[in-house]
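*Asks:* Before we start, here is the structure in question, set down as structure tokens.
Values in this text are rule-based calculations from the coordinates and carry no lab data. Since the structure is predicted, the reported quantities are computational estimates derived from the model, not experimental observations. Using ideal geometry, Cβ is built from the backbone for each residue, glycine included, and neighbour counts are taken over all protein chains shown.
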Amino acid sequence: MLSYRNRRTGEVHVPEPGSWMADRLDGLPQVWEPVESVEGTLPPVRPARSARKSEWVAYALTRGYTREDAESLSRDDLARLLDDPDAEPEA
């Protein structure tokens, strides 16, 4: 299934094939990058630094952190911690 990722924000849309939204996103290649999902999933995209805390928590979960640990940190702490691609949760 074809999805579209916003090049600036990382936001992902999965429009219905052939819909007006699919046509609209396809017509804006400077902003919306088409990506082919593998087995219905997309790799996690790092949220924008200004994204809501809930987006950072969801991203932290994909990186192996527990919900409890991720929610105990501030949005800015999550952004700093997850900026490091080698950062791993403590066991």
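*Asks:* Expressed in nm to one decimal, what extension gain is obtained for the pair residue 36 and residue 69 from 0.36 nm per residue of sequence separation less their Cα-Cα distance?
*Replies:* 8.7 nm
*Asks:* Turning to a different aspect of this structure: As a footprinting exposure proxy, order 57, 45, 31 by other Cβ within 10 Å, with the fewest listed first. Don't skip to the end; give the middle numbers.
*Replies:* On the way: 57 19, 45 16, 31 13.
Ordered by Cβ neighbours within 10 Å, fewest first: 31, 45, 57.
*Asks:* Work out from phi, with θ = phi - 60° and the Karplus expression 6.51 cos²θ - 1.76 cosθ + 1.60, the ³J(HN,Hα) of each residue of segment 58-71, listed in order in whole Hz, and give x for Gly and Pro.
*Replies:* Values per residue, Gly and Pro as x: 4, 5, 4, 4, 6, 9, x, 7, 7, 4, 4, 5, 5, 6 Hz.
*Asks:* For a quick check: with amide H placed at 1.01 Å from N, whose amide H comes under 5 Å from residue 35's, ignoring anything fewer than 5 positions away on the same chain?
*Replies:* Those lying under 5 Å, H to H, from residue 35 are 3, 4, 5.
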